[in-house]
């Protein structure tokens, strides 16, 4: 169908719609262009190759993901959150407490009863040995020897506290700042305030192998913020470029054909907007479709870690979490504002919750799966000059009480 015929069909369908003879869904179906292709329009609203002409660009609204000026000049431009759901024990990882061994078995006189509600014994020392690393002399558990190698590039905060002794609520508090899942997540706020540096990728990407953290969507959701600021979730259990985000590619149309349709859709969208009030829901949907169109060409590249050198892949290691760390670097390297990488090795949504079973075995297995990848991420970012502008945050929703 030629452009003029498409336009005539749209005008006829629109007139029928306003006369009450046809639903909007039916009108879109009859003219052969559903919401699944609305995303093409935004690509051609911009000047340059593959973009619409100056007339269209001049009336196009700016992308909600466009970079925004901060209130003050920052050092960090990106955030990589290495989230350990389940509560990694602080006294078995990075918070050295040798006095626990001295007073092992004793019941402390002044305690927070909430934090001891499931305990029966007295003070319990760490299950692991500790060593000093780096020029700073930081004490690090034996289960994190690779992270120990980069301690001089890290800052350890041992003053964190929570009064929420329950995983689901504490995870929400960590990622949303509220016990209720009706607030925007940290990553959504960051993208809302600062925008993103790559219009072909989401500003906020959340990843995990096998299991999503307890609370799932709320941990990277946008809540009452526009849909453009929601995190895009990726399961990295079986990571291949095509499996990263499914159903992105249009197997029926070439990119050239899609661009031809986008010319028409851009004009039709403008005609439609002229006849109705501003609709945030529809705008969010259109923005999501626009992003989906762009992502079908950018996502396969960013998730193809085989393009990295053998030396880089060996630096990170071969675990699922290590590959996630490498992808996180590739994402921020391409301008993604915020990346959340949650940890799981068993499909358990609070994997680090080993306090009711085998703490030594559970923590050792979990650390083995992420230690090399985390250290490699720090080294790799530093070697590429990205560490100075990337805030890497490791932690869980809480630790463990120092009792057995």
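The values are calculated or read from the model by the stated rules, or taken from the named source; none is laboratory data. Please read all numbers here as calculations on a predicted model, not as lab measurements. As a convention, Cβ positions derive from the backbone with ideal geometry for all residues, glycine included, and neighbour counts pool all protein chains shown.
Does the stretch 122-131 include one or more residues that are within 21 Å of residue 373 (Cα to Cα), surrounded by fewer than 17 Cβ atoms within 10 Å (Cβ to Cβ) and either at pLDDT below 95 or in the same structural domain as residue 83 (by TED's automatic domain parsing) (or both)?
Scanning the stretch 122-131 turns up at least one residue that is within 21 Å of residue 373 (Cα to Cα), surrounded by fewer than 17 Cβ atoms within 10 Å (Cβ to Cβ) and either at pLDDT below 95 or in the same structural domain as residue 83 (by TED's automatic domain parsing) (or both).
Pull up the stretch 293-309, narrow it to residues that are in a helix (DSSP H, G or I) and over 24 Å from residue 210 (Cβ atoms), then point me to the one that is farthest from the chain's Cα centre (by Cα). I'd like the intermediate steps shown before the answer.
Of the residues in the stretch 293-309, the ones in a helix (DSSP H, G or I) are 293-302, 305-307.
Filter again for over 24 Å from residue 210 (Cβ atoms), leaving 293-294, 296-298, 301, 307.
Details: 293: 19, 294: 18, 296: 18, 297: 19, 298: 16, 301: 17, 307: 22 Å.
My answer is 307.
Could you tell me whether the stretch 72-91 includes any residue that is within 19 Å of residue 228 (Cβ to Cβ), surrounded by fewer than 16 Cβ atoms within 10 Å (Cβ to Cβ), modelled with pLDDT under 85 and within 24 Å of the chain's Cα centre (by Cα)?
Scanning the stretch 72-91 turns up no residue that is within 19 Å of residue 228 (Cβ to Cβ), surrounded by fewer than 16 Cβ atoms within 10 Å (Cβ to Cβ), modelled with pLDDT under 85 and within 24 Å of the chain's Cα centre (by Cα).
Read through the list (1) at pLDDT below 95; (2) in contact with a strand residue (DSSP E or B) (Cβ under 6 Å, 6 or more places away or on another chain), then give the number of the only condition that residue 339 fails.
(1)
For the stretch 115-155, what are the residues that are more than 21 Å from residue 354 (Cβ to Cβ), in a loop (DSSP other than H, G, I, E, B) and touching a strand residue (DSSP E or B) at 6+ places or on another chain (Cβ under 7 Å)?
The one that is more than 21 Å from residue 354 (Cβ to Cβ), in a loop (DSSP other than H, G, I, E, B) and touching a strand residue (DSSP E or B) at 6+ places or on another chain (Cβ under 7 Å): 149.
Report, by residue number, each residue of the stretch 78-93 that is in a loop (DSSP other than H, G, I, E, B) and more than 30 Å from residue 193 (Cβ to Cβ).
89, 93
In the stretch 171-187, what residues are outside any loop (DSSP other than H, G, I, E, B) and crowded, with 22+ Cβ neighbours inside 10 Å? Quick ask: steps written out before the conclusion?
Pass one, the stretch 171-187, residues outside any loop (DSSP other than H, G, I, E, B): 171-176, 186-187.
The answer is 171, 172, 174, 175, 176, 187.
Those residues that are over 15 Å from residue 154 (Cβ atoms) and either surrounded by 21 or more Cβ atoms within 10 Å (Cβ to Cβ) or in contact with a helix residue (DSSP H, G or I) (Cβ under 8 Å, 6 or more places away or on another chain) (or both), I need them from the stretch 376-400; list them, please.
Here is the first cut: in the stretch 376-400, the residues over 15 Å from residue 154 (Cβ atoms) are 383-386, 389, 396-400.
Listed by number, the residues that qualify are 384, 386, 396, 397, 398, 399, 400.
Give me the pairs, please: first residue somewhere in the stretch 305-327 and in the same structural domain as residue 371 (by TED's automatic domain parsing), second residue anywhere and surrounded by fewer than 16 Cβ atoms within 10 Å (Cβ to Cβ) and at pLDDT below 95, beta-carbon distance under 7 Å, and either six or more positions apart or on two chains.
The qualifying pairs are 320/237.
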